[in-house]
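One structure below.
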Amino acid sequence: MPFLLCFFDGQNGGSPVSCPSDKQEAGEGLKEMENVIRAIDPGSPLEGRAKIGDRLLKVNGHIIRDVLDYKFHAYDRELSLVLQRPDGGEYHLHVRKAEGGDLGLDFESYLMDRPRSCANNCIFCFIDQLPPGMRQTLYFKDDDARLSFLLGNYITLTNLSDREIRRIIDLHISPVNVSVHTMNPELRVRMLRNPRAGESIGIMKRLADAGIVMNCQIVCCPGWNDGDELSFSMQQLKALWPAVHSVSVVPVGLTRWREGLERLTPFSPEHAAATIDQVTSFGDGCLQDLGSRIFFCGDELYLKAGREIPPDEFYEEYTQLENGIGMLRLLETEFRAALRMSEDPGVQHCSIACGTAAAPWMRMLAGQAMTMWPQLDIRVYAIENDFFGHDVTVSGLVTGEDLLRQLQGKALGSRLLISQNMLRRQEDDFLDDISRKDAEKALGLPVIPVEADGFELWDAICGAAAAPQPHGKEPEETEYYRYNR
Ligand code: SF4
């Protein structure tokens, strides 16, 4: 689930080696592949030599099955390519380019293959908790190792063939982001409701032996994988260090649309606090033994517990920032730095809308700014999530409808700042398809999306934010989501 679990405010989602599998399946499955060239970059080594509509079959003797094969095998300076014209005729090209330089080909689909859907039926799956009638693409459950490497998606390792595992090892695809949830194989089978889910633990050990780095995630469900089970999982994962580089513990997210699904209990503040203590104490031991605490709780767990978010140095390299680990701390650190460097912003009256969890934090930041510059008037509005249910408190799942209804008639100043993650990736729409433009029209003021970045937030407060763009990450991500829509 790539786009539901990222938030402004924490959350709760050389030289090629030989690939032994190349020869085994030569010629098989190619008609299924979407390796048709859609565009050739001007000035690239293949401009004027290959044609749009041709297919790339092999690079230096390796069959190109997907984007990973392409990126890896096209790395070298000298390439021997086999291409196929639409009439089936094949031709060969020899290419010289800079090592690591791009061949400049753009294919029909970003993955050059179909995205892999998941083989699980997890008890906590957020997609199963979506209301009916939303956009069809929101219901797609991906679990694709290629997207873990290329976009940072978390995968469960439950749908990998032995050939794919060997490819990760042979091509040294690292790091891989793994949704572990538990290291107890029987419990994993029950939680992922997949009889093969326990086998992934053996796969993790195999990847660790091969030096593949893994960043792991545990979606913690009270009564299932918390308490002693969590301690067991942490011990097992610690034993795989340094291959297991970091582990996030994030609370299960529960919407009001769980009819017919396994009964799950949300975290109470007390249980959130106990889990933080458990993970922090285990992390303290890791820090002493190994020099890294490895285990980190999601920001949302601290907010639920009413606990202070740890200081900057606690988060080491902020490895799982995108997963909401330390995001609020970094936001504050950056915002304070922006304030220290600030010049008189003049009179500014604006508002910030966010999920209920982050609202106290945002009020604290707004307070710091108004103390330093008393002419500022910044109002922070916490938006209750009527759409998904009030247990959903993150900004990233606030819908346009809730935002508009709850802000009608409020003093908003001259512009409204929202988290960029309230908008769907690469689009200007909220999850319920209300567009940012619709929101601007309804509220009668500019609605400015802001990344989780303290400097950007300060700029937006001062009215100096860049013109809103559709939510942008890597260009490759654009391609993937265009394809997967
Ligand atoms: S069923 Fe599990 S693995 Fe599949 S999308 Fe849902 S949470 Fe992710």
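Rule-based calculations on the coordinates, nothing more; no lab input. Only a predicted model underlies this, so the values are computations on that prediction, with no experimental measurement involved. Cβ coordinates were reconstructed from backbone atoms using ideal geometry, including for glycine residues, and neighbour counts include every protein chain displayed.
Before moving on, here are some points about what is shown:
- Close amide H pairs (under 5 Å, H built 1.01 Å from N) link TYR381 with ILE352, ALA353, CYS354, residues at least 5 positions away or on another chain.
- Rounded if a/c under 1.5, otherwise prolate or oblate - the range 283-330, Cα gyration tensor axes: prolate
- Stretching ARG206 away from GLU186 to a fully extended chain increases their span by 5.3 nm, per 0.36 nm per residue minus the current alpha-carbon distance.
- Under a 5 Å amide H cut-off, with hydrogens placed 1.01 Å from N, VAL247 pairs with CYS216, PHE295, PHE296 among residues at least 5 apart or on other chains.
- Gyration tensor (alpha-carbon) shape descriptor, the range 115-324, a/c threshold 1.5: oblate
- Rounded to whole Hz, the Karplus (6.51, -1.76, 1.60) HN-Hα couplings of the range 292-298, x for glycine and proline: 9, 7, 6, 9, 9, 8, x
- Beta bridges by DSSP in the chain, antiparallel share as percent, to the nearest 5: 40 percent
- Computed from point charges on the beta carbon alone (+1 for Lys and Arg, -1 for Asp and Glu), the dipole magnitude for the chain about its Cα centre is near 700 Debye.
- For the range 386-433, the square roots a ≥ b ≥ c of the C-alpha gyration tensor eigenvalues yield an a/c of 1.5 or more together with a/b not exceeding b/c, which makes the shape oblate.
- Pairs of Cα atoms nearer than 8 Å and 6+ residues apart set the relative contact order; for the range 31-107 it is 36 percent.
- For the range 330-478, the relative contact order works out to 27 percent when only alpha carbon pairs closer than 8 Å and six or more residues apart are counted.
- Taking amide H as placed 1.01 Å from N in the peptide plane, VAL450 has its amide H under 5 Å from the amide H of ILE418, SER419, GLN420, each at least 5 places away in sequence or on another chain.
- Highest to lowest packing among 428-438, 62-72, scored as the average C-beta count within 10 Å: 62-72, 428-438
- In order along the range 192-209, the phi-based Karplus estimate (6.51 cos²θ - 1.76 cosθ + 1.60, θ = phi - 60°) of 3J(HN,Hα) comes to 8, 6, 9, x, 9, 5, x, 5, 5, 5, x, 5, 4, 5, 5, 5, 4, 4 Hz; Gly and Pro are listed as x.
- Relative contact order of the range 115-324, taken over Cα pairs closer than 8 Å and 6 or more residues apart, is 18 percent.
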